[in-house]
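*Asks:* My questions will all concern the structure given below.
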Amino acid sequence: VQLQASGGGLVQAGGSLRLSCAASGRTFSSYAMGWFRQAPGKEREFVAGISWSGRSIIYAHSVKGRFTISRDNAKNMVYLQMNSLKPEDTAVYYCAADPRSKIPTSLLGDYDYWGQGTLVTVSS
C-alpha cells in the first residue's frame with residue numbers, strides 16, 4: 001500500500017482544513033486507517049483512526065469534537081476534516097495503514113504503511 005497525504009496549509013486559529021489521503025493497492029478497503037501528527041521537537045502522536053468499514057472510529061482527546069475522520073473505499077481515500085483549529089494543532093500530519101487489523105488502534109507501532117506527511121500551520 002502506498003499512501004499520499006495532501007491538503008495541508010496555513011490557516012488562522014478557528015479555521016478549517018480538510019486533509020486527504022490517497023491509497024493505492026487492492027487491499028486498502030480491508031485495512032484500518034489512521035491519522036497521526038508530529039509537531040516540531042515532539043514525538044509523533046495519534047490523532048484519529050477508522051475501521052475498514054467506517055463504523056468504528058476513535059479520536060485523541062485533544063481533537064475530539066473538532067476533527068472528523070472518514071473514508072471512501074470506492075475511491076481509496078481517507079479524509080480528516082479539521083475544524084476550530086488551534087495553534088497547538090500545528091504539525092506535519094501523516095496518514096497510515098494497519099494491515100493486520102480491521103479496527104483502528106492508537107498505537108503508532110500497529111501501522112505499517114505511512115504517507116509522506118502534509119504540513120498544517122495554524123496561526124494565532
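The values are calculated or read from the model by the stated rules, or taken from the named source; none is laboratory data. Treat the numbers as computed from the prediction; the structure is a model and nothing was measured. Cβ placement follows ideal geometry from the backbone for every residue including glycine, while neighbour counts extend to all protein chains displayed. Areas reflect the complete protein model, heavy atoms only, side chains present, ligands, DNA and RNA absent. Shrake-Rupley method; radii C 1.70, N 1.55, O 1.52, S 1.80 Å.
*Asks:* Determine the dipole magnitude for the chain: charges of +1 sit on the beta-carbon of Lys and Arg, -1 on that of Asp and Glu, nothing else is charged, the reference point is the Cα centre, and the result goes in debye to the nearest 20.
*Replies:* Charge dipole of the chain: 280 debye, to the nearest 20.
*Asks:* Follow-up. State, as an integer percentage, the relative contact order of segment 1-111 based on alpha-carbon contacts under 8 Å between residues 6 or more apart.
*Replies:* Relative contact order of segment 1-111: 35 percent.
*Asks:* Which percent of the accessible heavy-atom area of the chain goes to carbon and sulfur, probe 1.4 angstrom?
*Replies:* 50 percent
*Asks:* Please give every one of the lysines within straight-line cross-link reach of residue 102, meaning a C-alpha to C-alpha distance under 27 Å, and leave out same-chain neighbours fewer than 8 residues apart.
*Replies:* 64, 75
*Asks:* Next question, about the same structure. Can you give the accessible area per residue of the chain, in Å², using a 1.4 Å probe?
*Replies:* 51 Å²
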